[in-house]
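*Asks:* Got a structure for you, written out below as structure tokens; questions coming shortly.
The values are calculated or read from the model by the stated rules, or taken from the named source; none is laboratory data. The structure displayed is predicted, hence computed values, not measured ones. A quick note on method: Cβ atoms are made from the backbone with ideal geometry, for glycine too, and the neighbour counts reach across all protein chains shown. Just so you know, the surface numbers come from the protein's heavy atoms only, side chains and all, with ligands and any DNA or RNA stripped out. Shrake-Rupley method; radii C 1.70, N 1.55, O 1.52, S 1.80 Å.
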Amino acid sequence: MGRYVARKLIHMVVVLLLVSFATSLMLDLTPGDPAYAILGDQATPAAVKSLHQELGLDRPFYVRYGDWLSNLARGDLGTSYEYKQSVSSLISQALPVTAELIVLTLLLALAIAVPLGVYSARRVGGIVDRGTTFVTSIFVSAPPFISVPFLVFLFVLTWHIFPATGWVKFGDSPMDNLQHIVLPVIALSLWPVAAFTAALRSDTVATLQEDFILSARAKGLSTRSILFRHALRPSSFSLMTLAGLSLGTLIGSAVIVEYLFALPGIGSLIISAINVHDIPLVQGVVMFTAVVYVVMNTAVDILYRYLDPRLRMQKA
Amino acid sequence: MTSTRELWSQDIILSVDDLSTWFPTPFGAVHAVDGVSLHLASGEIVGIVGESGSGKSVLARSIMKLTPESAITRGEVTFAGRALTTVSPAEGRAIWGKEIAMIFQNPMTSLNPVMKIGKQITESLKLHLRLNTADARRRAIELLALVGIPEPAARIKAYPYELSGGMRQRVCIAMAIACAPRLLLADEPTTALDVTIQRQILDLLADLCSDTHMAMILITHDLGVVARRTDRVMVMYGGRVVETAPTVKLFVRHFHPYTAALLSAIPRLHRPSHTRLAAIPGRPIDIIDPKPGCRFAPRCERAQPRCTNEDPPLTPASDDAAHLFACFYPVGTSQGDEALRANRLVGRNAAGMAMPVVSNGLAEPLDA
Ligand SMILES: Nc1ncnc2c1ncn2[C@@H]1O[C@H](COP(=O)(O)OP(=O)(O)O)[C@@H](O)[C@H]1O
Ligand code: SF4
Ligand SMILES: [Mg+2]
């Protein structure tokens, strides 16, 4: 197990280095100058030059990247050009919003997908199965930029149930906080509901063919306990993988959803940072997201060992 | 084991009357079980024997209502006075696992791989006997000890993959007998196990029956398995019962050529058990949209024209009402010997099967 963890850690570090290097390089190659974003379009060449010196932008790319890395190693993500605050404090302000959005999305998606997937598998081609396939096929074909206007039209403009945009901290008013997060969560969960249901359905169909399901039926167990106590866990490998990996996709979609609903999360943060060429902020947010992503992948791997006790025996 | 004479007077616990199960397929209906009747007294052990594909598992699963939804079942199954064919799912759940339990062929796949074996045993105890967690756990340990699992208290925390095949089958038995069922259906419980383990498991099942007065249907493809452990044997071929008799009588005298072939195929120590008969050519085919006629005719050395267009009825021997067989030209009868001799002279049977030509027709009969 020790060697397994060590190998995983080295792997993680390599991936993160590659991601940070690619981000920095891309930022360097994108046209546009952060100095103009900071000083305004009318800035004099002299002012731009002195700002470049101040920010260290006059030095070659590899020096700046090396600098950034050594600061990172000391836990310093630098200071945002735009907000004049440390990047880490900006991330920690935005993080709770995105975390709430994504955690609630995953929970909602699982809460819907687990019964749907399992009951669809119970009778392949039955009414539940076909209905589910129909509805979820609509879900997959509705990315946030289509579903959000639709949801806003129904829930905000027509029924006046939820506010359109804005944010209230959970600590300030839990009810208002939830009011503001419901629509973003629904918009963000359409795709995972569809994907999770499909994954769980196909694994459960296979599990229900197994002999041990016959033994469970021969014991006189109810359909519900056969499905949820015997079939669900051995059928949830694809689902777990997908839920773990979907985090990356979800963070991507969250950027759009946060932007459309004006939620002050990581997504909104990175969009504003890109708009003004706030290099340290973009680098910091991308790095942070990559860490979350890589850590989640490892967590999924460990969860496997819980789900299938046979794997615990195997040498990793 | 109780003697058969005694059993006739006892109450019948399971009655299967004219049970048929078929599977609609794109190529026609597969008649897996075709008009089988079976009566079982409590404490009685009946062996069902036949090659693989003869419909034994489908019969057991039809009794347990475990057939796929596509299957069509006709006929009556009555257990302790209740018609199982018409019970509601809720009533059925109070019977399966509690009064009728089943053991499957492959212990490697019939336990849930991600559930501790203790939990797999206690779940029926909690469901049917309403035991609390502590009592169920205690009972599960007793059951594991009863089926001969060493260190049962530690073993209840084991996962199936940590046990050998024989141990897993013991766990399956413990699971099946947990609620002291009155009837156990054992579908080839030892086929997947090696010979020494086979004997241990079969002896364990026989002991459980005599200790608890549990009735058992023991399904096997090996007549040798049923020899000393059953009260009665039912030989199946092509979904039908071809011969049935008290076990002791069947080993002394048999009428059906298929029974004869099975007897000559009983594995000896030096000859491992096979699921297909070496003694007779051919293999059972899926019985798709069958026409009248003996199912065994394509492989039978005695088959005459009559066999290919008329169903031989299951009838008692002239001198023994308890010994039934379904054959027009039985082994050990003059018309049977004559049919065999006639086919040997021409070197083929009425169904077109080629066989060695014997000039006087009197070679050592294969099936006697
Ligand atoms: N689900 C099914 N669909 C179609 N045919 C089936 C199905 N299950 C069993 N059969 C057929 O029924 C016949 C009897 O099978 P089975 O009862 O398993 O034989 P046995 O247990 O004696 O080896 C076989 O011909 C088999 O192909
Ligand atoms: S003799 Fe005829 S009826 Fe008897 S087993 Fe052979 S084919 Fe069937
Ligand atoms: Mg079978």
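*Asks:* Looking at B:Thr247, B:Thr230 in this structure, which one is under 11 Å from B:Ile48 (Cβ atoms) and either open to solvent by less than 20 Å² (accessible area, probe 1.4 Å) or within 13 Å of the chain's Cα centre (by Cα) (or both)? Give the steps one after another, and end with the answer.
*Replies:* On the way: B:Thr247 fails: under 11 Å from B:Ile48 (Cβ atoms).
Result: B:Thr230 is the single residue among B:Thr247, B:Thr230 that is under 11 Å from B:Ile48 (Cβ atoms) and either open to solvent by less than 20 Å² (accessible area, probe 1.4 Å) or within 13 Å of the chain's Cα centre (by Cα) (or both).
*Asks:* Do we have any residue at all in the stretch B:94-112 that's in a helix (DSSP H, G or I), of a type in the set (A, V, I, L, M) and away from chain A (no Cβ under 11 Å)? So that I can check it myself, show each step before the final result.
*Replies:* Of all residues in the stretch B:94-112, those in a helix (DSSP H, G or I) come to B:94-95.
From what's left, of a type in the set (A, V, I, L, M): B:94-95.
Subsequent filtering for residues that are away from chain A (no Cβ under 11 Å) retains none.
No; the residues of the stretch B:94-112 include none that is in a helix (DSSP H, G or I), of a type in the set (A, V, I, L, M) and away from chain A (no Cβ under 11 Å).
*Asks:* For the stretch B:291-313, what are the residues that are within 8 Å of ligand 2 (Cβ to nearest atom) and charged (D, E, K, R)?
*Replies:* If the condition is that a residue be within 8 Å of ligand 2 (Cβ to nearest atom) and charged (D, E, K, R), then B:Arg295, B:Glu301, B:Arg302, B:Arg306 are the ones that fit.
*Asks:* For the stretch B:156-177, which positions are more than 11 Å from chain A (Cβ to nearest Cβ) and under 14 Å from B:Leu125 (Cβ atoms)?
*Replies:* Passing the criteria: B:Ile156, B:Ala174, B:Ile177.
*Asks:* Consider only pairs whose beta carbons are under 8 Å apart and that are at least six residues apart or on different chains; among these, list those whose first residue lies in the stretch A:205-232 and is among the hydroxyl-bearing types (Ser, Thr, Tyr) and whose second residue is assigned to a loop (DSSP other than H, G, I, E, B).
*Replies:* Short answer, once both residue conditions are applied: A:Ser215/B:Phe104; A:Ser215/B:Ser110; A:Ser215/B:Leu111; A:Ser215/B:Asn112.
*Asks:* Quick check, is B:Ile149 modelled with pLDDT under 95 and either closer than 19 Å to B:Arg229 by Cα or within 11 Å of another protein chain (Cβ to nearest Cβ) (or both)?
*Replies:* Judged against the criteria, B:Ile149 is not a match.
*Asks:* Further question on the same structure: Need the failing condition index for B:Thr122 against (1) facing another protein chain (nearest Cβ under 7 Å); (2) over 26 Å from B:Val16 (Cβ atoms), just the number.
*Replies:* Status for B:Thr122: all satisfied but (1).
*Asks:* Same structure again: Just give me the residues in the stretch B:36-62 being buried (at least 17 other Cβ atoms within 10 Å of the Cβ) and away from ligand 1 (no atom under 12 Å from the Cβ), in sequence order.
*Replies:* Result: B:Leu38, B:Leu40, B:Ala41, B:Ser42, B:Gly43, B:Glu44, B:Ile45, B:Val46, B:Gly47.
*Asks:* Let me ask another. Evaluate the following for B:Pro68: is it in contact with a helix residue (DSSP H, G or I) (Cβ under 6 Å, 6 or more places away or on another chain), within 14 Å of chain A (Cβ to nearest Cβ) and modelled with pLDDT under 95? Working first, answer last.
*Replies:* Details: in contact with a helix residue (DSSP H, G or I) (Cβ under 6 Å, 6 or more places away or on another chain): no; within 14 Å of chain A (Cβ to nearest Cβ): yes; modelled with pLDDT under 95: yes.
So B:Pro68 fails the test.
*Asks:* Given the criteria more than 24 Å from A:Leu232 (Cα to Cα), away from chain A (no Cβ under 14 Å), at pLDDT 95 or above and part of a helix (DSSP H, G or I), does B:Asp135 qualify? Walk me through it before giving the result.
*Replies:* Values: more than 24 Å from A:Leu232 (Cα to Cα): yes; away from chain A (no Cβ under 14 Å): yes; at pLDDT 95 or above: yes; part of a helix (DSSP H, G or I): yes.
Criteria met by B:Asp135.
*Asks:* Scan the stretch B:309-345 residue by residue and report those that are open to solvent by less than 60 Å² (accessible area, probe 1.4 Å) and part of a helix (DSSP H, G or I).
*Replies:* Correct list: B:Gly336, B:Ala339, B:Leu340, B:Ala342, B:Asn343, B:Arg344.
*Asks:* Can you tell me which residues in the stretch B:178-227 are within 16 Å of ligand 1 (Cβ to nearest atom), over 23 Å from B:Thr259 (Cβ atoms) and more than 14 Å from every other protein chain (Cβ to nearest Cβ)?
*Replies:* none
*Asks:* Within the set of pairs 6+ apart or on separate chains, which have a first residue in the stretch A:271-290 that is on the phi > 0 side of the Ramachandran plot, a second that is open to solvent by 30 Å² or more (accessible area, probe 1.4 Å) and of a type in the set (S, T, N, Q), and C-beta atoms under 8 Å apart?
*Replies:* A:His277/A:Thr30
*Asks:* Looking for something open to solvent by less than 10 Å² (accessible area, probe 1.4 Å), within 13 Å of chain A (Cβ to nearest Cβ), closer than 26 Å to B:Ala206 by Cβ and not aromatic (Phe, Trp, Tyr) - is there at least one such residue anywhere in the stretch B:78-86?
*Replies:* yes
*Asks:* Right, next: Looking only at the stretch B:110-158, how many residues end up being open to solvent by less than 40 Å² (accessible area, probe 1.4 Å), in contact with a Phe, Trp or Tyr (Cβ under 8 Å, 6 or more places away or on another chain) and either over 16 Å from A:Ile226 (Cβ atoms) or small (Gly, Ala, Ser) (or both)?
*Replies:* Selection size over the stretch B:110-158: 2.
*Asks:* Further question: Assigned to a loop (DSSP other than H, G, I, E, B), outside the structural domain of A:Leu39 (by TED's automatic domain parsing) and not β-branched (Val, Ile, Thr): is that true of A:Leu221 in this structure? Let's see the steps before the verdict.
*Replies:* On the way: assigned to a loop (DSSP other than H, G, I, E, B): yes; outside the structural domain of A:Leu39 (by TED's automatic domain parsing): yes; not β-branched (Val, Ile, Thr): yes.
So A:Leu221 passes the test.
*Asks:* Same structure again: Out of the helices (runs of 4 or more DSSP H) lying entirely within the stretch A:14-85, which hold 1 or more residues that are exposed (fewer than 14 other Cβ atoms within 10 Å of the Cβ) and free of Cβ contacts under 8 Å to residues at least 12 places away in the same chain? Walk me through how you get there before you give the answer.
*Replies:* Values: elements: A:34-39, A:45-55, A:61-73.
Once the helices (runs of 4 or more DSSP H) in the stretch A:14-85 are filtered for at least 1 residues that are exposed (fewer than 14 other Cβ atoms within 10 Å of the Cβ) and free of Cβ contacts under 8 Å to residues at least 12 places away in the same chain, what remains is A:45-55, A:61-73.
Results for (1) at pLDDT 90 or above; (2) closer than 25 Å to B:Leu143 by Cα; (3) within 16 Å of ligand 3 (Cβ to nearest atom), shown as yes or no for each residue.
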residue: B:Ala227; (1), (2), (3): no, no, no
residue: B:Arg232; (1), (2), (3): yes, no, no
residue: B:Tyr237; (1), (2), (3): yes, no, yes
residue: B:Glu243; (1), (2), (3): yes, no, no
residue: B:Val252; (1), (2), (3): yes, no, no
residue: B:His256; (1), (2), (3): yes, no, no
residue: B:Leu262; (1), (2), (3): yes, no, yes
residue: B:Pro267; (1), (2), (3): no, no, no
residue: B:Ser273; (1), (2), (3): no, no, yes
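*Asks:* I'd like the full set of residues that are more than 7 Å from every other protein chain (Cβ to nearest Cβ) and in a helix (DSSP H, G or I), limited to the stretch A:205-215. Give the steps one after another, and end with the answer.
*Replies:* Initial filter on the stretch A:205-215 (more than 7 Å from every other protein chain (Cβ to nearest Cβ)): A:205-209, A:213.
Correct list: A:Val205, A:Ala206, A:Thr207, A:Leu208, A:Ile213.
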